[in-house]
Amino acid sequence: MIEDLADGSQLELERRIFHLKTLNDVSQVTGALRDPQAILKNLLMMMMGTFGVRRGAAFLFGTGEFPLKFIAQRGVVTDLATLLDPRQNGAGWPTNLPIGEVVTLNRDGLADPVSHALASCQLQLWVPFVVNDLHYGGIALSEKLLGEVYSPEDYELLGTIVNQLTVALDNALAYREIEELNRGLEEKVRQRTEELRVQHTRLQEAHGQLELRNRFIENAFGRYVSDEVVSSLLESREGLQLGGEKRRTTILMSDLRGFTSMAEKLSPEQVLTIVNRYLGVMVDVILPYQGTINEFIGDAILVLFGAPVTRDDDAQRAVACAIAMQQAMATVNAQNREEGLPAVEMGIGIHTGEVVVGNLGSQRRMKYGIVGSAANMTSRVESYTVGGQILISEATWTEAAEVLHVARRFQVEAKGLEQPLVLFDVRGVGGEHNLFLPEQSEALAPLVNAVHVRYSVLEGKHLSDAEFAGRLVKASATTGEVLTDHPPLLMSNLRMQLLDANGSPLLGHVYGKVLEQLADRPGVVVRFSSALPEDVLSTLLHRESASLLDA
Amino acid sequence: MNQSLEVAVRKQGEVALIDIKGDVTAVTGEHIERAYQQVCGEGVNKVLLCFDSGSYINSGGIAIIIGIAADGKETARIIRITGLSPHFQKIFSMVGLTKYAEIFPSEQAALAQF
């Protein structure tokens, strides 16, 4: 008996050691696992192995419509997940369960559907538990293989393991929540990164488009407009419409008077020197007035005020620019004189009107240009100028009248126009610009002996066949008074030949424009396209021999 | 416990011997279950679980063996066990495994009784 007692105690001791080892194994497992499903399964099997049990189940409910989250079962044939589904049993998690305590199932009077379901699976007891107040679970065991009754020590062990189980599940659920949050965060980061990548790509594309556009603007305009205009174009979405559009524009056209004939007497190098010097000086004058240099046509310059950028004072700025350009001719001619090159004179015509502006040409060759009668009219106005003169049309006058100083207003009968062309000879602009042309102080001196003149009228570039005779009776370096029975029309361009007593030319051809018709006798005042050299003028003024007509 | 297990199957006549070497837990024990299911599928009705003398079996591993032994009883297969250390022989007895699977001191002894 003592031996039996000793054997019994030894057995009990070994059982307790086994249980302690189990508790140690449970600690190790719960510490290592993060998956609630794996925790439930492992602890269930540990309990089944500890107590020698054939059937068992462990499960965890959450909140929500179908709250059963995890379930492990072993040796139970019935699908407990379906059996425990509250939608099947019509009830949720039972209240008033003894949390952490053993609920025996092999008896009558089971009050809750979970216990009923477990009992139907030949499970003998279960221990309900709660995890973080949001999850409810249980671990259920069948009878022991040996058929023994569960002892109080068994209950105590069950309780201890269930406590460890709930802690492990709490940690595992929190870990899952954090993982889900991280996944959600990672997904958000991924989505945001993708959004940013797409945005970046779009920005790059837009940047590329903008660069192309800017390059186009700079190429199209950069050398012909001021930096301010370029900036305005680049900054404004509406400021530049590269398609065609009608726009009210003030157009300035300048031209070196008589340069064509002068160029015939110069070498190509000299011609280029003079033209490039003149153009270079004029560009530096034009840009500060925000004029758009549309074109160089030989020694002519076409400047737009109002395209591609419109301003309220386009007409005023155009006139001011013209005056500044005339003033700058002194610089051009000073440099010419230094190099032994002839002085040149410039005429400027200005007109305001509607033109179509836009890209002219084709894809292969395109430029920003203007089309319209206003451009032609500007050219016509300019054609009436003499060197050093600025003529504006009535349309420009209307836009800027309040600040303009005008020497005279006159009309010309222009070919192809129904109404006479009204022109204004501008001498200055007041207001913020306050610029004036130098006073013309050259007086006409009478010739000792009049010089015979033969002249033809130029119609455009074409010389009319008719030749007329006249006498040059007064002259200055730039102007002459010619008496003739057939006074040419105002603003007519003449090609004249001054003749000696024998009828031979005294000089080469002299070109000029009729500025005035004499009021008191038949004749005209002619402005020479090129100033007469001093010696020539002196000879004309003081020559003793009479012309053929005086004979 | 290093959580490693080697499982191998061999036949001797009608008996399938499942050699088990290492630590038997709820996780590693699944290899033993698979080997058992494999031999059952081959129509074997006599199975000898041969544990290595150094094998360690925790409570989860015991549940695996309980499952195999109980299945054997339910399917009229003879399940026998050999190679256990005296300590584990006591544990197996304590949990009632010996009701379903007899433990033999040696392989030869177990085979002789099939």
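Read the figures in this text as sums done on the coordinates, not as results from a lab. These numbers were taken from a predicted model, which means no experiment stands behind them. Please note: Cβ atoms are built from the backbone with ideal geometry, for glycine as well, and neighbour counts cover all protein chains shown.
What the table below lists for this structure:
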{"item": "Spatially proximal lysines relative to residue A:246 (Cα-Cα < 24 Å; intrachain offsets below 8 disregarded)", "result": "A:367"}
{"item": "Compactness of chain A - radius of gyration and Dmax, Cα, Å", "result": "54.6, 182"}
{"item": "Degrees, to the nearest 10: A:314-338 long Cα axis against longest axis of chain A", "result": "60"}
{"item": "Residues residue A:434 and residue A:311, FRET efficiency given R0 of 22 Å [Cβ-Cβ distance, rounded to 0.05]", "result": "0.75"}
{"item": "Positive dipole terminus of the protein assembly as shown, leading residue within A:132, B:17, A:152 (C-beta point charges)", "result": "B:17"}
{"item": "Hz values of 3J(HN,Hα) by residue in the stretch A:260-267 - Karplus curve (6.51, -1.76, 1.60), Gly and Pro given as x", "result": "4, 6, 5, 4, 5, 9, 10, 6"}
{"item": "Exercise: per-residue mean of other protein chain Cβ atoms within 10 Å, B:51-63", "result": "6"}
{"item": "5 angstrom amide H check on residue B:44, placed H, neighbours 5+ away", "result": "none"}
{"item": "Rounded FRET efficiency, nearest 0.05, which uses the C-beta distance separating residue A:216 from residue A:373 and R0 of 30 Å", "result": "0.55"}
{"item": "Relative packing of peptides A:319-329, A:469-479, A:333-343, A:109-119 - highest average C-beta neighbours within 10 Å first", "result": "A:319-329, A:469-479, A:109-119, A:333-343"}
{"item": "Backbone HN-Hα couplings from phi across the stretch B:40-48 [Karplus 6.51/-1.76/1.60, Hz, Gly and Pro as x]", "result": "4, x, 8, x, 6, 10, 10, 10, 10"}
{"item": "Lysines whose Cα lies under 18 Å from that of residue A:474, excluding same-chain neighbours fewer than 8 positions away", "result": "A:513"}
{"item": "Modelled FRET efficiency - R0 25 Å, residue A:101 with residue A:16, Cβ distances, 0.05 increments", "result": "0.70"}
{"item": "Helix axis angle, A:2-32 relative to chain A longest principal axis, alpha carbon, degrees", "result": "10"}
{"item": "Pairs beyond 22 Å (Cα-Cα), from A:69/B:73; A:415/A:461; A:41/A:144; A:21/B:46; A:144/B:21; B:46/B:99", "result": "A:69/B:73; A:21/B:46; A:144/B:21"}
{"item": "³J(HN,Hα), Karplus 6.51/-1.76/1.60, whole Hz, each residue of the stretch A:36-42, x for Gly, Pro", "result": "x, 4, 5, 5, 4, 5, 5"}
{"item": "Fraction in percent of alpha-carbon pairs per bin - 10 Å, the stretch B:5-112", "result": "16, 56, 27, 1"}
{"item": "Peptide-level mean, for A:19-26, of C-beta atoms on other protein chains within 10 Å", "result": "3"}
{"item": "For peptides A:10-17, A:195-202, A:381-388, A:443-450, sequence by mean Cβ density within 10 Å, most packed first", "result": "A:381-388, A:443-450, A:10-17, A:195-202"}
{"item": "Spin-label pair residue A:204/residue B:74, simplified geometry with 7 Å Cα→Cβ offset, distance in nm", "result": "6.4"}
{"item": "Positive dipole terminus of chain A, leading residue within A:60, A:488, A:256 (C-beta point charges)", "result": "A:488"}
{"item": "Likely footprinting exposure, A:264, B:107, fewest C-beta neighbours within 10 Å first", "result": "A:264, B:107"}
